[in-house]
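The values are calculated or read from the model by the stated rules, or taken from the named source; none is laboratory data. The model shown is predicted, which means the values in this text are computed figures rather than measured ones. Counting neighbours? That spans all protein chains shown, and the Cβs are built from the backbone with ideal geometry, glycine included.
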Amino acid sequence: MTRIRTARPEELDRLPPIERASGELFRDIGMAHIADDDPMPVATLRRHHVWVAVDVTDAPVAFAVAAELAGCAHLEQISVHPDHARRGIGARLIDRVGDWAAGRGLAALTLTTFRSVPWNEPYYRRLGFRVLPPGEITPELAGILAAEAERGLDPATRVCMRRELRL
């Protein structure tokens, strides 16, 4: 059983390889450009809140990255190494971020993701997220979508999602 804890500064450099490995699934569905995308830089990780799921040797096998954004906790990244996938680790990481956010008085978790990738929008719906209609997308989330478009992600394939928190 994996344990979830706050990431230690000295292990942040172990997270990009997890993100890269988890991204390989995109290659299997014809999205090699996503699989080949650079992982989140360690310098960026240092500026965010990061949690890790660790194995019995205390080595990270998955991680979640979040930042406060417009009164919510925005999930910047969730990656689970394929060797540890399909065990509920991602859901547990999201719940941990939710607990942290609720403790800070934040209203919800938000994220942007691919609309039609099975382990993206459909997965997050199962975890209690809902797709935000255009009228509910905050300027901050719109800015994230715009930055994603500048990096080459087709806006038609992207969606903003939100899960309310119990405060």
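Conditions (1) over 17 Å from Met31 (Cα atoms); (2) crowded, with 18+ Cβ neighbours inside 10 Å; (3) touching a residue at least 24 places away in the same chain (Cβ under 8 Å); (4) of a type in the set (Lys, Arg), marked per residue:
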{"site": "Thr113", "(1), (2), (3), (4)": "no, yes, yes, no"}
{"site": "Gly128", "(1), (2), (3), (4)": "yes, no, yes, no"}
{"site": "Ala149", "(1), (2), (3), (4)": "no, no, no, no"}
{"site": "Asp154", "(1), (2), (3), (4)": "no, no, no, no"}
{"site": "Arg162", "(1), (2), (3), (4)": "yes, yes, yes, yes"}
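Within region 23-35, if we keep just the residues that are assigned to a loop (DSSP other than H, G, I, E, B) and in contact (Cβ under 8 Å) with a residue 12 or more places away in the chain, the residue that is farthest from Arg158 (Cα to Cα) turns out to be Ile29. For region 1-22, a residue qualifies if it is at pLDDT 95 or above, part of a loop (DSSP other than H, G, I, E, B) and either closer than 18 Å to Asp36 by Cβ or touching a helix residue (DSSP H, G or I) at 6+ places or on another chain (Cβ under 8 Å) (or both), and exactly one does: Ala7. Pairs linking a residue in region 83-95 that is in contact (Cβ under 8 Å) with a residue 12 or more places away in the chain to a residue that is part of a loop (DSSP other than H, G, I, E, B) and of a type in the set (Ser, Thr, Tyr), with Cβ atoms under 6 Å and 6 or more positions apart or on different chains, are Ile89/Thr2.
Restricting Gly98, Gly105, Gly135 to residues that are in a helix (DSSP H, G or I) and loosely packed, with under 13 Cβ neighbours inside 10 Å narrows the list to Gly135. Taken as a whole, the structure places Ala62 among residues that are outside any helix (DSSP H, G or I), in contact with a His (Cβ under 8 Å, 6 or more places away or on another chain) and in contact (Cβ under 8 Å) with a residue 60 or more places away in the chain.
Please verify whether region 44-58 includes one or more residues that are aromatic (Phe, Trp, Tyr), farther than 15 Å from Glu19 by Cβ and at pLDDT 95 or above. For region 44-58, residues aromatic (Phe, Trp, Tyr), farther than 15 Å from Glu19 by Cβ and at pLDDT 95 or above: absent.
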